[in-house]
Every structure is written in structure tokens, then in C-alpha cells.
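The values are calculated or read from the model by the stated rules, or taken from the named source; none is laboratory data. Bear in mind that the values here come from a model prediction, so they are computed numbers and not experimental data. We place every Cβ from the backbone using ideal geometry, glycine too, and count neighbours over all the protein chains shown. Heavy atoms of the whole protein, side chains included, go into the accessibility calculation; ligands, DNA and RNA do not. Shrake-Rupley method; radii C 1.70, N 1.55, O 1.52, S 1.80 Å.
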Amino acid sequence: MTPRVRFAPSPTGRLHLGNARIAVVNWLFARCHGGRFFLRFDDTDRERCRPGYLAAVCEDLDWLGLDRDGEYRQSERGAVYEAAFARLRARDRVYPCYETPEELAALREAARRAGRPFRYRRGTGPPEAERRAREGATAPHWRFALGEGRIRWQDLVFGAREQSLAELGDPVVRRADGGWTYLFASVADDLDLGTSHVIRGEDHLANTGVQIALFEALGAVPPAFAHLPLLLGPDGRPLAKRGAAPPLAALREEGVEPRAVVAVLARLGTGRPADPGDDRTTLCRDFDLAAYGRSPARLDPREIRRLSVRMLRSMSFAEAAPRLRALGLGGIDERFWRAVRPNLERFEEVADWWRICREPLSPVREDPGFLEQAAALLPERIEDADRAAAWIAAVARASGRRGRDLYRPLRLALTGQEHGPELKCLLPLLGAARARARLEGQRA
Ligand code: GLU
């Protein structure tokens, strides 16, 4: 059977590292098993969902490279829910309820006072609500009749689980305004779209028993479930809490490599550290849902930033080339890439070095006498790093300078910068003529 999975965000905000991790694991699961990966927007809550977030979520997933086999919006799938609801009605597994939120609150309060847990079941509603129903004055909301018994399932991360239905109240599946609750719509969708595995956050573990009961009431075999433990930030607080998880968009603006984000999120909780060589192929090869542990995983966003820099600095020219072309830097060859790569913090910085090597700049002259001495020793041509190193050695001998005293004034004059790629690698990129002119104080 071809696995079919879905990432189902509620578009009430931008993606952050917590929900991006769920997307990454679903996507990897599909890709490593030759399955299908769908994006489903859980946008039935009209008040909280903003249309702009749908596009933003797609943009974030595209940036991560998580390609999809289809996209759906719950708000457009009313017919699917009507059909599933009709089946439950035909089997007498849903029933209308008429009480107001205030009456419900009063029932809850009465149960609390009596020291009993509040569980709404058929017939719980107050007589007053029944009277209104008879008069047709209020539109009902609908609840699913859970029944008794126990639901048992094997969570692919959390192991054997059990839910006693008698402990729960009947959940609302349809609101009085005709809208659908997530709990029900999600089951109807998973059934309609043939979801084989529901991979989601631990916060949904508590819904699973009820959702399985819904699948069964609809006469269906439930999908497999895998819940990934909560993500904690470096301070031990849940990462999903507002402000603790940087939105993906912020990492992107910082220039973090998306491959680093995917690698760290994919490896998190598996005991296997992310590696600068990690890409879709290596992550797919190593993927195993059973490798995810049950205890909360800690994520320090700085780890992603560090990996991103390591990835840049070991990136092959073949990988860099299309991105260089996209930046209008198609003239950069492998030698140039290799020379500047060890200094990059973010990919776009390569453009700065290209400008420094290719466009005129006014040199910073700290020690004109020394720079003229160095210029006089420059050979006609600097073909490679060895030739450049020989020149630097000759300058060192002639001036008696070493270390910072030697390199700093040369670097400032040649590049206008205090730091940068190794001078011996940079010099062949600059060329002898431009190097000489800059050492002599000319704008070149
Ligand atoms: N919309 C739910 C969420 O964002 C989806 C849960 C599920 O995958 O079933 O948590």
C-alpha cells in the first residue's frame, strides 16, 4: 500500500519550527516510502484563519523544499463533511443539542460543585433547552454519541495506548452555525483522502481515541497514528509557546540555509545528530519513524544557524552554481567559489566578494610606505595560490613583518575589509594588475 500522509496546519499564523517539524517528518515519511504528501489547511474556524497565512505557509514549505502531491482547504470541503455526517445520522450516532453556552457553563459548574467530572451525554441538556427545540427557536449543534467501551491502538511512537470512552463526554461535531469542528472534519477528510498514517504533535494524543471511535462509527478502518513529542526550547519551555519559536520566515531572512532547517528538524529526537552533508537523499535513507523517542526533544535554534554555516562552507560548486546564476553571479567559477566559501555566513555574501574582486574600490591605506614596498615585489601575474603565497613570503622577508602587522594592511588595501578569505586564495581572483593598483592607492 502506498502511504498517504498529510500536514494539516491551521492557518492562524506563520509556520514556526514546531509545526515545520511535523511537516518535515510527514514529508520524509512519504518520500522515503514512495508515498504521497498532502497539505491540508484546517481553516474551519473562520474567525481565526487569515487568508494571507495560506500563501505564507505554502511559501515557507516551498522554501524548505517540501514538495506536495495535493493541497486542500477544509473550508471548501463541506460536501465531504455533509456526507459523513449523514452516515452518522443514519446510524443514529449523532444527536442535536439545544442548550446555550450559558446553560452549558451552568451544567459544568453544577458538576464541579458536586465533585463529579462533567460528561455530556444524550439527555444531559436541561428541560428548558428541550422546550426551545420543540418551538424550533434555536438551531441545534450536534454531538457524536461516543458509546462506552475502550479504544486501543498502537501509536507508532508512543506504543500501546488505550482510551476508555465512558470517561469522556460526547464531542460536538457540528456547530449551531452549521460549521464543523476540527475533530470531525479531520476524520472525514482522512477517510476521504485515504490517509494511511496520521503523523502529528503529541498535543493530539488525547484526541486519538475519539477520532478512532469516529472512524469506526463511519464503518472505516482507522489510519495508523504516530505522535511526535513536544518540542522544548533551550530554556526547557515548550517551543510552541508564543515567541519561543522563531517563525521560519525570520530564519529565512537571516539567510539560514533551508537544508539546515530540514536536517535539524528531521533528526531531532532520533539521537542522530544532523550533518552538513544531510540532504533529501541521506535523510530519506536514514528515516525510520521508530527512531523517534517519546521524551520531549530540545531544540536550540542556534544549532540550526551553526549547521547552516557548516553547510555553506562545505557546499559543492555543483550545488552552488544554480543559485549563483539566480543571483546574477553566473560568472563565478569553481575556483572563486572555493576561495570565498570558507568565509560565508550566508550565501548572498558571495556577491560582496564578487564585487570586491570585480568592481573598482577605494583601498584603505594604513601604511603607504609598506604597501609600496609590497607592490614593488608583485610579480607580473598571479596564476594561483602558490604564486600568491610566494609573494606574501617575499613581502614578509623584505619588511620583516609577520602575522597581523603583515596581513592587515595588505588586506585593507586589497579588499577594503578587515576580514575575509585567505589572501593567497583571493589574490589570483583579483589579478596582479588590480592588486598593484590598490596597493599603490588607486581606485581600481
Ligand atoms: N490542525 C491540527 C493542528 O494544527 C491538525 C492536527 C492533525 O494533524 O490531525 O494541530
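What net charge do the residues around R89 carry, taking every other residue with its C-beta under 13 Å from that of R89, with Lys and Arg at +1 and Asp and Glu at -1? Walk me through the numbers before you get to the answer.
Details: positive: R87, R91, R93, R143, R174; negative: E82, D92.
Value of the local net charge: +3.
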Given contacts defined as C-alpha pairs under 8 Å and at least six residues apart, what's the relative contact order of the chain, whole-number percent? 14 percent
May I ask you to give the percent of accessible area on the chain that is carbon plus sulfur, with a probe radius of 1.4 Å? 48 percent
By how many degrees, 0 to 90 and rounded to 10, does the Cα axis of helix 317-326 deviate from the longest principal axis of the chain? 80 degrees
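I need the Kirkwood Rh of the stretch 1-103: take the reciprocal of the average 1/r across all distinct C-alpha pairs and report it in angstrom.
Details: mean 1/r = 0.0638 Å⁻¹.
Taking every pair of different Cα atoms in the stretch 1-103, averaging 1/r and inverting gives 15.7 Å.
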So if I place +1 on the C-beta of Lys and Arg and -1 on the C-beta of Asp and Glu, and nothing else carries charge, what would the dipole magnitude of the chain be about its Cα centre? I want it in debye, nearest 20. 520 debye
Specify the residue with the greatest mean-square fluctuation among A90, A351, A226, computed from a Gaussian network of the chain linking alpha-carbon atoms under 10 Å apart. A90
Under a Cβ-Cβ cut-off of 12 Å, what is the net charge of the residues other than W354 that fall near it, where Lys and Arg count +1 and Asp and Glu count -1? -3
Report P(r) for the stretch 55-208: all Cα-Cα distances, bin width 10 Å, range 0 to the bin holding the largest distance, values in whole percent. 9, 29, 34, 19, 8, 1
For the stretch 249-259, just list the computed ³J(HN,Hα) in residue order, Karplus coefficients 6.51, -1.76 and 1.60, θ = phi - 60°, integers in Hz, with x standing in for Gly and Pro. 4, 5, 5, 5, 5, 5, x, 5, 6, x, 4
Where does the charge balance sit around T270 when Lys and Arg score +1, Asp and Glu -1, over other residues with C-beta under 9 Å from its C-beta? 0
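Could you quote the convex hull projected area for the chain, Cα atoms only and averaged over all directions, in nm²? Spell out each step's value before the answer.
Numbers: hull surface 110.9 nm².
For the Cα atoms of the chain, the hull's average projected area reads 27.7 nm².
At 1.4 Å probe radius, can you tell me the per residue accessible area of the stretch 281-407 in Å²? Before the final figure, lay out the partial values.
Working: 7100 Å² over 127 residues.
It amounts to 56 Å² per residue over the stretch 281-407.
Scale the Cα Rg of the stretch 137-229 by the rule-of-thumb value 2.2 N^0.38 Å and send over the ratio, two decimals.
Values: Rg = 13.6 Å, N = 93, 2.2 N^0.38 = 12.3 Å.
Compared with the compact-globule rule of thumb, the stretch 137-229 sits at 1.11.
Translational D (Stokes-Einstein, µm²/s) of the stretch 234-302 at 20 °C and 1.002 mPa s when Rh comes from the Kirkwood sum over C-alpha pairs? Let's see the in-between values first.
Details: Rh = 13.2 Å.
The calculation lands on 162 µm²/s.
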In debye, nearest 20: dipole of the stretch 357-444 around its Cα centre with unit charges on the Cβ of K, R (+) and D, E (-)? 80 debye
What angle do you read, to the nearest 10 degrees and between 0 and 90, between the alpha-carbon axis of helix 182-192 and the longest principal axis of the chain? 80 degrees
Given the candidates P9, V24, V57, the one whose Cα lies deepest towards the positive end of the charge dipole of the stretch 1-62, counting +1 at each Lys or Arg C-beta and -1 at each Asp or Glu C-beta, is V24
Once both axes come from the Cα atoms, what is the angle between helix 349-358 and the longest principal axis of the chain, in degrees from 0 to 90, rounded to 10? 20 degrees
